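The values are calculated or read from the model by the stated rules, or taken from the named source; none is laboratory data. These numbers come from a predicted model, not from an experiment. All Cβ positions, glycine included, derive from the backbone under ideal geometry; neighbour counts span all protein chains shown.
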Amino acid sequence: MSSETLEQWHKLSRAALDNLKELSSINIKLVERLAEQQFELVSASIDASLKGANLALATPGYKELAPQQAALVSEYNERVLGIARKATGIVAEVRDEYSEWVEGRLKEVATPINRGPVSTAAPAAAPGGAKRSA
């Protein structure tokens, strides 16, 4: 292999590695942020369960318990809805990052690649005098 070919292969490999690192960074950030939201959801679920159990233990009758449970369910729904909205916002932000990343890679591909000198020599004859077909 010529030194030019090796250099081009090195540039291609380096560009691919850099692109992979950028994409991995975006993915890691997404997973971290969504994991935080998942933790919030689990926390809200545990909190609502504990509050519900405490209500059941502390309330003497069903007539008093029902409205308190309805309030607890309403509070839990609000928390879950807030978490879902946050997660949707995170996904939308990352979607924009993905779009920017893809657009950047497309611009890179659109730029001409320096391939070195193009050989203009005629193809060599194959053994036995027959010409190679291209």
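Residues that are modelled with pLDDT of 95 or more and either aromatic (Phe, Trp, Tyr) or within 18 Å of the chain's Cα centre (by Cα) (or both) do occur in region 39-62, at least one of them. Looking across region 36-47, just one residue is in contact with a Lys or Arg (Cβ under 7 Å, 6 or more places away or on another chain) and either in contact (Cβ under 8 Å) with a residue 40 or more places away in the chain or of a type in the set (S, T, N, Q) (or both), and that is 37.
Annotation note: Cβ proximity below 6 Å between a residue of region 84-103 that is in a helix (DSSP H, G or I) and a residue that is among the hydrophobic types (A, V, I, L, M, F, W, C) (sequence gap 6+ or interchain) occurs for 94/30; 97/26.
Condition check ((1) in contact (Cβ under 8 Å) with a residue 60 or more places away in the chain; (2) surrounded by 12 or more Cβ atoms within 10 Å (Cβ to Cβ); (3) not hydroxyl-bearing (Ser, Thr, Tyr)) across all residues:
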residue	(1), (2), (3)
8	yes, yes, yes
14	no, no, yes
18	no, no, yes
22	yes, yes, yes
34	no, yes, yes
75	no, yes, yes
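The set of residues in region 65-108 that are in contact with a helix residue (DSSP H, G or I) (Cβ under 8 Å, 6 or more places away or on another chain), within 17 Å of residue 32 (Cβ to Cβ) and among the charged types (D, E, K, R) comprises 86, 97. Among the residues of region 1-42, those identified as more than 20 Å from residue 102 (Cβ to Cβ) and among the acidic types (Asp, Glu) are 4, 7, 32, 36, 40.
With respect to residue 123, determine if the residue is assigned to a loop (DSSP other than H, G, I, E, B), over 33 Å from the mean Cα position of the chain (by Cα) and either farther than 30 Å from residue 20 by Cβ or modelled with pLDDT of 90 or more (or both). Spelling it out, residue 123 is indeed assigned to a loop (DSSP other than H, G, I, E, B), over 33 Å from the mean Cα position of the chain (by Cα) and either farther than 30 Å from residue 20 by Cβ or modelled with pLDDT of 90 or more (or both).
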